[in-house]
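A short write-up of the structure that comes next.
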Amino acid sequence: MGVIDSQWWSMRWPAVLLWCATAVCCGVVLWYGAGRLVKAWRRRNRPGHAVSGRCFYLDEEEVKDVADLLHIPRSDVQVSEEVNAKRGAGVTGTLPGAGAKLEQSAGSSTKTERKDVNTPMKTISLIMDRLWEQDRVVDADLVKERIALTAALADELRDTAATDGVALTDVRGGTYLSVSGLFTVQRTDRDDFVLRARYGTGATAAQVKIVCEQPWVRRRFPVDTYSEDEKFPATCLGLVRSWNDRTQELTLDPVAIFQW
C-alpha cells in the first residue's frame, strides 16, 4: 500500500503544486481587487460639505506650487477653434415633363489657435478635483463632528485607534485637510486676520486656527463687519502645520477658503 501511495504522489505532485499556486494567485487578485473597491467606496462616500460658495481667500503662490507638483497646467493651454463657411449658387429650369437643376457650391474653413491661461480660480478647482481623485485629502466636518481619513492614513492608524475615534490631532503635518465649520474672524496687528473654529465638547474644547495673510484676501470679504463673537460657515483647504498642546490649537496653512 505504501508503494502505491508513493507512486501516486510522484505522479500527482506537479498538479497539486500547480493547483496551490493558482489558488494563491487567485487569492492575491481577489485581495487586491477588494482593496481597490474599498478605496473607491471610501472616495464616493466621504462625508463633509462639497466645497462651493464664494471664495474669499486664495493663496495664489501656493496654488501655483501645488499645481506644479500635481502636474496641472496653469498657463498656456492651447485652444483651437474652426469655423466653416459655405457659398453656393444654382440655376433651376423646368421643361414640359422634365426638370433640371444645376448647383455649384464652394466651402472654406478657418482655423484659429489661441492660448487660454488658467486663472488661479480655475487652477484651484482642478487642484481640488485631482486631490480628491487621488484620495489625498482628509475631510473634517466640525459641526457634525465627523472626519474621513484618506485610505493611507486610515491604514496607518488602524492599529492605534478605530477610524470613528480618530481625532484631528492624529492628522500628520503636511497633510491636506478640508475642514468645514463655524468660524470667527479677528484682524491682527499686521493687518492679517485669523479664523478660529471650536470643535469637541467641554470647556477645554480644541480649535482650528487659520492665519490668513492680507495679500491673498479677496476684496469681497468684509473682514471688519464681523464682530469677535459672530460665527459664519466656511470651508478651508489647507495643509496641517502643527498642534499646540498648551493652547489646544491645530494650525493650518490655508490654500483656499470658501464661505457657504
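Computed values, structure above
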read-out: Options Val217, Val223, Val208, Val166: the member that is surrounded by 15 or more Cβ atoms within 10 Å (Cβ to Cβ) and under 16 Å from Leu149 (Cβ atoms); value: Val166
read-out: Candidate set from the stretch 123-140 (those that are assigned to a loop (DSSP other than H, G, I, E, B) and of a type outside the set (Lys, Arg)); member that is nearest to Ala167 (Cα to Cα); value: Asp135
read-out: Pair list, Cβ < 9 Å and 6+ apart or interchain, from the stretch 237-255 residues that are at positive phi to residues that are in a strand (DSSP E or B) and of a type outside the set (S, T, N, Q); value: Gln248/Ala206
read-out: Condition check for Val185: among the β-branched types (Val, Ile, Thr), at negative phi and modelled with pLDDT of 90 or more; value: yes
read-out: Looking only at the stretch 170-187, and only at residues there that are assigned to a loop (DSSP other than H, G, I, E, B) and touching a helix residue (DSSP H, G or I) at 6+ places or on another chain (Cβ under 9 Å), the one that is surrounded by the fewest Cβ atoms within 10 Å (Cβ to Cβ); value: Arg172
read-out: Selection count where residues are open to solvent by 60 Å² or more (accessible area, probe 1.4 Å) and aromatic (Phe, Trp, Tyr), scope the stretch 226-260; value: 2
read-out: Tally, over the stretch 243-260, of residues that are in contact with an Asp or Glu (Cβ under 9 Å, 6 or more places away or on another chain) and more than 18 Å from Gly200 (Cβ to Cβ); value: 4
read-out: Filter result (within 24 Å of Leu149 (Cα to Cα), open to solvent by less than 40 Å² (accessible area, probe 1.4 Å) and out of contact with any Gly (no Cβ under 8 Å at 6 or more places or on another chain)) within the stretch 188-205; value: Leu195, Ala205
read-out: Pairs where the first residue, in the stretch 121-132, is modelled with pLDDT of 90 or more and the second is open to solvent by 60 Å² or more (accessible area, probe 1.4 Å) and not in a helix (DSSP H, G or I), C-beta under 7 Å, 6+ apart; value: Thr123/Arg74
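The values are calculated or read from the model by the stated rules, or taken from the named source; none is laboratory data. Keep in mind it's a predicted model, so treat the numbers as computed, not measured. Neighbour counts are summed over all protein chains in view; Cβ atoms, including those assigned to glycine, are modelled from backbone coordinates with ideal geometry. Accessible surface is based on the protein model in full, side chains and every heavy atom, while ligands, DNA and RNA are left aside. Shrake-Rupley method; radii C 1.70, N 1.55, O 1.52, S 1.80 Å.
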